[in-house]
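Have a look at the structure below before the remarks.
Values quoted throughout were computed directly from the atomic coordinates according to the rules given, and no laboratory measurement underlies them. Everything numeric here is computed off the predicted structure, so don't read it as measured data. Backbone-built Cβ (ideal geometry, glycine too); neighbour counts: all protein chains shown.
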Amino acid sequence: MSQWQEFVAAHSEGGVLDGVVARVLPFGAFVEVAPGVHGLLVTDRVPLQGSRVTVRIEAIDVERRRFSLVRA
């Protein structure tokens, strides 16, 4: 089973996770919430790369292998 499949099997929308900011963008950041699994945190208060954040899974798109996050 891939890391993505394991993540989707273990988590659902609304779940709260701790993660590390892996990449900062002008509109948000990619947060690593499990080894090799990154979600997009869209926020106007972009955290610094490497910082720890607590996030909630807003939506999971299984077909496109994406999920969006909001601050918890």
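Overview of results
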| quantity | calculated |
| --- | --- |
| Computed helical MRE - 222 nm, the chain, DSSP H runs ≥ 4 contributing -39500 (n - 2.57), nearest 500 | -3000 deg cm²/dmol |
| Cleavage-rule hits (GluC sites (Glu not before Pro)) in the chain: DSSP loop, at most 10 neighbouring Cβ within 10 angstrom | Glu63 |
| Rg/Rh (Cα only; Kirkwood hydrodynamic radius) as it applies to the chain | 0.94 |
| Nearest-0.05 FRET efficiency for Ser12 and Ala34, computed from C-beta distance (R0 22 Å) | 0.95 |
| Dipole-positive endmost among Val21, Pro35, Leu48 within the chain (Cβ charges, Cα centre) | Leu48 |
| Assigned charges on the beta-carbon of Lys, Arg, Asp, Glu; the chain dipole about Cα centre (debye) | 200 debye |
